[in-house]
Each structure stands twice: as C-alpha cells, then as structure tokens.
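Single-structure report; data block below.
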Amino acid sequence: MADNSVLTSTGRTSLADSSIFDSKVTEISKDNLFIGSASNVEEEMPQIETRVIMVQEAGKQEELIKALKEIKVPYIKMDSVEEFEGLDSPEFENVFVVTDFQDSVFNDLYKTDCRIIGPPVVLNCAQKGEPLPFSWRPLYCTSMMNLVLCFTGFRKKEELVRLVTLVHHMGGVIRKDFNSKVTHLVANCTQGEKFRVAVSLGTPIVKPEWIYKAWERRNEQDFRAAVDDFRNEFKVPPFQDCILSFLGFSDEEKTNMEEMTEMQGGSYLSVGDERCTHLIVEENTVKELPFEPSKKLYVVKQEWFWGSIQMDARAGETMYLYEKANTPELKKSVSLLSLNTPNSNRKRRRLKETLAQLSRETDMSPFPPRKRPSAEHSLSIGSLLDISNTPESSINYGETPKSCTKSSKNSTPVPSKQSARWQVAKELYQTESNYVNILATIIQLFQVPLEEEGQRGGPILAPEEIKTIFGSIPDIFDVHTKIKDDLEDLIVNWDESKSIGDIFLKYSKDLVKTYPPFVNFFEMSKETIIKCEKQKPRFHAFLKINQAKPECGRQSLVELLIRPVQRLPSVALLLNDLKKHTADENPDKSTLEKAIGSLKEVMTHINEDKRKTEAQKQIFDVVYEVDGCPANLLSSHRSLVQRVETVSLGEHPCDRGEQVTLFLFNDCLEIARKRHKVIGTFRSPPGHTRPPASLKHVHLMPLSQIKKVLDIRETEDCHNAFALLVRPPTEQANVLLSFQMTSDELPKENWLKMLCRHVANTICKADAENLIYMADPESFEVNTKDMDSTLSRASRAIRKTSKKVTRAFSFSKTPRRALRMALMPSHNSVEGRSPPSSDKHAVSRLSSTSSLAGIPSPSLVSLPSFFERRSHTLSRSTTHLI
C-alpha cells in the first residue's frame, strides 16, 4: 500500500474505515511524487534515502541481514529506543524491523509514528526483488495483502479492535460498510443485512478464528490467508446458530437430514421444542401444522434446507416460507367445482375452464401419464402436437415445435379412420418428442448449472466429474432434436407414401458416433454420481432441489440418464411394428428394414465396446483365476452374476470336503475347486507376471441342465446345505450335486432364489419359485457333520495321495475313474434293491418334476463321464424325477 507522511498526524483509531486512508495515501503519493520538478521553487528538495534499523532480536538474524544486502538497503542495529536519538538524521527515512509487535519497544516506536515492519516483509521483498513497501501502519507480514474485509455480528469492542489490528498487521484493508469490493466477510453470526448481501454476492463468509490462525502463521514466508484450502477450514457453515426440527418426512429422510444438519454446523430437536429456530416442512405431505408456531420460529419448506447446503451459506427464509394448503386461490378453484347453485350452465362453463386449466398445468410435465388406447385414437393432429411439447412451452429448452406456429390450413387433414401405420408413426413421434424433452431437462436442469461459472460457494463439481457424468448427452440431444423435427414435419404433412426409414438412415452415422461413448461408460457415470453425492454435501443438496422439480417427474438423475441406454432398442421395436403395418408395395418397407438394420449395427457396436470395457473384465478375471477354464466362457452376451464359496458334500462334482467355488453367470454355472498345489506362475506379456491361478476348472454347466434346486432343511447334522438336481443331455439318469455354503455374506435363501431366477430365464419359464424344492437331508443322504474334524481332513488327504500314486504308476495316464467307467457294462446300474421308505416318500413328492426333464438345450461342455457313477440308493431315488 502506498502511504505519505502527511497523514501521520491523523488520529489512529483502529475502527476507522482504512480504505479511505489508503485511497488518499495513494492519490497524494502520486500527485506529490515529483513535486520538486513540477514547482517553480528554485531550491531543490533534499534526497532522502531509506535506511533499515534492526531492533534487538532482528539484528541477530543472519537471514535478514542477507536479505537487506540483496535489495541493497543500508541498515544499522539498535538494542534500545534510547539509541535512536543519536541515530536519527534528516538524510534518512528510517524503517524499523521489529520481531515482536507486542513488546514495549514496538509500542514506543508506534507512539512516535515510526514506520515499522516485520521480518517476513523484508524476506518477501528480497525473494521477489522488490523495494520495501511504504506503509503508514505497522506491517508485520503480507499474508492478507490485497484483501478487503468487513465485520458483522460483533458486540464486544475489544475483540473487534484486536481483529482489526491483526488484519492491518498482515496487510489487509477494513471497510465499515459492505459493498462489492469486499473480498471477505468476517461474521460472528448468521443474521443481518451484511450477511444477506454477502450470501447474494457469493462473498466468502468466515469465522474470526480465520484471522487468529492466519496470525499464528505470520512467519511463514509463502503463506497466504486467502488460499481456499486454509480459508475453507474457517468458513461459516450454513446452519451455524440454527436449531432445526423436521416435520412430514420419512424416518430415512429425517435421519439423513439430521446428519446433514450436524455436518453443516447446526443442531436439531424434536418438533414443538421452543428452542428450535427453524421448522422444516415437507410441503407435499403436511397439510396443517400440529401447533401454532411462535413469531421467532421460521417455518420453511425443505427447499430452504437443501438450498442452504448447495449455496454453502444460510439462505434467506422469506423466499421459502411454508404456506398452508387452504389458500384463497385454492378455495376459489374448489368453489368453482360446486354445481349445487342456480345458473348451472354458467357453472358448467366455469367447471370446464377450471378443469382445462388443471389439465394444462398437468401437461406441463415432460412425463405425461399413459393414456387409454381409445383416447389415443381420438386425438387430432393439433392435440397430438400440444401434448408432446410439454417442457418446451414452459421452459425454454428448445425451439417451439414448428407445428405450433403453422396455420391449420397448411396441415394435411387426418382421415376420419386413421390407419394403423399412422398410429405407430404418431407413437414414434410422441416418444421421440418426450425423449428429447428429457434430454433437455438433463442438460438445462443439471449440466448447465453445474458448469456455470461464479457459483456461490465455488464449483459444486470438478470439470472432469461433470464430463464423466454427462458425457456425450449434448451430442445425443442435438441428433435427436433433428430426428424429432423431421418426424414432426412428416406427421403434420402425413401421407402413406412418406418414408420414415429415410429419417433414421439419414442420422445413422451420427448415432454411431454419439451413443457408444455414453452407453459404454454409463456405469462409470452412475458410480460418479453416487460417490459425489456421498462425499459432497453441496452436490447432494443440488440433486435434492432439482430432482424435486416437476420437470424431473420425480425421477433421480441416474434414472434420467438411463434413458439413452434404453432409447435405441425401443426405437427398433417401434420401427419393426411400423414395418408390420406397412404394405408390401410401399417403398418405405424396404427402407424400414435398412433403418432397423442400421440401428442394430449401432447397438452391436455398443455391445462390442461394452464387452471390451465392462462385462468382459469380470469374465476375464474368472478366466485368470481358474486354471483350465474353457475358452467358450468368453461371450459378448454373458455376464457374471454371483460368486459363492462352498464345500462339496458328495462325490460329485468333487470329493467330499473339497472347497468348491461356484461362478453363476446369466446362462451357465462354472464349477471350480481349490488347487491342491500351485506350480509356477501364469505369464502373459514379457516382463509381467500374473499371480498363479488359485482354482482348478471342474465343469462348465449350462443352466438349462439344472432341473431342480433343493433347499436342504436345517438340522443338527446339516447346516447351510443345498443341492442341484442335474440332467446331462447325454445321460439317462439325474445327478445330484450337493454343497454347503461357507460364507455368511450371502444368505442361502437369497442365493437359491437368484439361481432359480436365472435358470427360469434360461429355460423361458416364468415360475422360478417352482424350481425350488424343500428337502430333508436324510432323503438324499446329505449331511455336514464332521466336515472340519481331524478325521475328515485325514481321510481327504489319504484319498488325494491314493490318486497321485495310482496316476504315477499308470502307463496311459488315464484317470482311474474314467477307465473304470469305460469298462463298466451299461446295464450294471441297478442291483434290484428297493429304496427305503424315506426315499420312496421323497420320490413321490418329486414326481412332478418330470416335465422339466425333456427340455432340450445346447450344452456348452458335456458332463464328464464321472457323473455316471452313482450310489445305488441315490440312483433309484432320482430316477423317478424324470
């Protein structure tokens, strides 16, 4: 700051508006800088040189002495104020360097109007190569240089004087009245005119602690108090000094809002507590307050709550006051609905007008209710175009549809009996118009405000987060706006020979460019929204405010963003329907086939990209983890649904007690066991080593081979067990695969329901529940007893060793089980024993499953021959199931 010695005689009150003095100092300094050369005074003014006097401890700092030498300023050392009388000279302008602005030496120099600076000022000037600043106030450091502060809410004068003094010592400027030049408002409360103006202008509002903490860091040379990371630690939270209560919200919403209240510096109490300052009301559910509020209590809508969090400052309550539902306007409209008075014709006219008004207000939503087919058929061209331009008429998202500006004379009259092709074309236009409106809502209501510069409280999201969330939505909007305009022109000037397929062929290349980037990264977009909503309260509040608006149709941003993912398949279905209702001689029939083909190409392109980016990543992880996994597991249509850790309870698919991992895909089940010994590593590119596969492939089973899912009842000897009744296509008998779930993360009931649902989808059955059968463990000789005992583990070890020894001495290396099955006669499966009574009872209850056995299905991999070996009792029990 510039200064002039002329002002040193002015009274030094710390509460004065220092900006006035600063401006005068600057003007006087500029006007009188070369006053000697401009005047006619013959005598030349003497040249005065700046000299630094280092007081006491300052003279002992070698760093200061080195800095003064760099800026080429003469200096001397002084131990006491008394020495100054002998050092004072009119040839020098003395600048005193004092290390402590609180001791008696500083006070004595300050009283004599001496220029005083702190060591950080000298070091900063040396670093930047600048001369010493000319300040008429003591200046210890420059951490608040160029900052203009205003204070509000302080009642103790002593505290205010102390704060103002510290700001001056750090180079800041104080203004008594708030205006646009103020850079920071130091607030001791969240009320008052200055606070409201600061909120409206987006000026940062901070606590007094900001000044105190900045003063504590005064000796840090590169420290600046206005840095966002430091300043945000001391910002005034939106709900400081507020005690909130919530009325009309669900328990989950109320809990969320109470947590947000504490995060934003407020507190909450129950409804009706006299200490509450605000009552937040859910205006859609609360029709009347349960008590008469006091004059001091603000009764506001929930928009005030979320708006305050979004702005990062307490919003003004007057804009969000809650009003009761029985307003005079509503009473008037209700009275118009009464027909119990004379002049019924006039009343009926008023009723029609009122209902028409209500219907127009309803049509303002971009998500119109679904109409009955009869109502759809009775619509005229004019009414069709009226109901489809809903948001465009209320919000300037796009241009007004052309049909709304055209004269009815230019429109081709609709025949009294509308064709089926026209009806489908009309539906295509309606859905396209609604889709464009939804895209416009996403852009105007969410993307544009988030990208807006100068947001109150700073940007809500980083630019890269906004790009990740919205992606190519604007490009998709541009393409579909053109498609909608072309469809609109075709509908208005309808003729059966008009080609609809040409419209989509015209923009097929644009669809290929715009859709894959968005659809392929939709999951990332959704994850970004969820993550930011959890981590950034302002974004959470932003979504709450905008998602509650009627333009969103009570849908979340994620639900709106999924529309582009669903749009192309629905258009393809409509074009197929349109082709069915197009005559063979109509040239548009072949064009529609080409248009449908082009859309399929776009969707194929999207699916191929998704296979490379998302779905296949999980499948590749399975392939890398399972040694010997079949290559045909990799497929573009396949996705991993669930992974379950189990232990085998029977001889199939592994020996009893072996750890088995089940990978459920949408159309098959991969069965893998834990490897007994891992040898070597899986090497892919040179220099990269993958961890060895921890699992060994056993079998890849199509879900169509699962005929029944057995939920084994819980007993003392059987816990968390289930079984699969499998019919391989090449076998004559069923095979029972029994398992025990070893993890509690996924409940058995949920796992079985999930498995049955995907089995039912694969075999095209709607009744997935019928695939589950509750069974007794004794009926199928299933038990989990002693699975973890020492004897059981020793038995499994002996079996493994036996296998290794047998294979080691085998010349053909053929597995013993396969060799024995090859030599076994085909009629040797039944010994003639009758099943026990419990087995007979189970067989009778399961006889209804025979209808599922004959369902043909292409197998991915045929079951290995070891499934042929069955215990005699189990073979007889399961034979009756088919």
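Points to keep in mind about this one:
- Taking all protein chains together, E49, E658 sort by accessible area into E49, E658, largest first [probe 1.4 Å].
- Mean Cβ neighbour count within 10 Å, used as a protection proxy, ranking 741-752, 196-207, 212-223 highest first: 196-207, 212-223, 741-752
- When the listed pairs K254/K296; K60/K156; K287/K753; K72/K176 are checked against a 31 Å cut-off, the alpha-carbon distance exceeds it for K60/K156; K287/K753; K72/K176.
- Rounded FRET efficiency, nearest 0.05, which uses the C-beta distance separating I530 from K617 and R0 of 22 Å: 0.70
- Estimated FRET transfer efficiency (S267, N750; beta-carbon r; R0 45 Å; 0.05): 0.65
- Region 508-572: translational diffusion in µm²/s, Stokes-Einstein, Kirkwood Rh over Cα pairs, 4 °C, 1.567 mPa s: 97
- Taken over region 472-543, the ratio of Cα radius of gyration to 2.2 N^0.38 Å equals 1.62.
- For the residue pairs K580/K765; K301/K544; K426/K765; K484/K594, the C-alpha atoms sit more than 24 angstrom apart in K580/K765; K426/K765.
- Annotation: peptides 443-455, 143-155, ranked by per-residue average of other Cβ atoms within 10 Å with the highest first, follow the order 143-155, 443-455.
- Fully extending the segment from Q418 to I562 would add 48.5 nm, taking 0.36 nm per residue of separation and subtracting the current Cα-Cα distance.
- Counting every C-alpha pair in region 255-300, the share spaced more than 14 angstrom apart comes to 55%.
- Cβ-Cβ FRET estimate between L321 and N256, R0 fixed at 30 Å, reported to 0.05: 0.80
- At the residue level, T604 shows approximately 70 square angstrom of accessible surface with a 1.4 angstrom probe and all protein chains present.
- Label point distance in nm, K296-E209, each placed 7 Å from Cα along Cα→Cβ: 2.6
- Between S104 and K60, the contour length at 0.36 nm per residue exceeds the Cα-Cα span by 14.0 nm.
- When the charge dipole of region 68-168 is built from unit charges on Cβ atoms (+1 for Lys and Arg, -1 for Asp and Glu) and taken about the Cα centre, the candidate among M144, F154, Q127 whose Cα reaches farthest toward its positive end is F154.
- Pairwise label distance in nanometres, S508 with V641, each label 7 Å out on the Cα-Cβ vector: 3.5
- Label-point gap, in nm, between H605 and N146 - each point 7 angstrom along Cα→Cβ: 4.9
- Ordering G248, G266, P293 by Cα displacement along the dipole of region 238-309 toward the positive end leaves P293 in first place; charges were set at the Cβ atoms of Lys, Arg (+1) and Asp, Glu (-1).
The values are calculated or read from the model by the stated rules, or taken from the named source; none is laboratory data. If you're wondering where the values come from, they're calculated on a predicted model, not measured in any experiment. All Cβ positions, even for glycine, are placed from backbone atoms using ideal geometry, and neighbour counts span all protein chains on display. Calculation scope for accessible area: heavy atoms of the full protein, side chains included, ligands and nucleic acids excluded. Shrake-Rupley method; radii C 1.70, N 1.55, O 1.52, S 1.80 Å.
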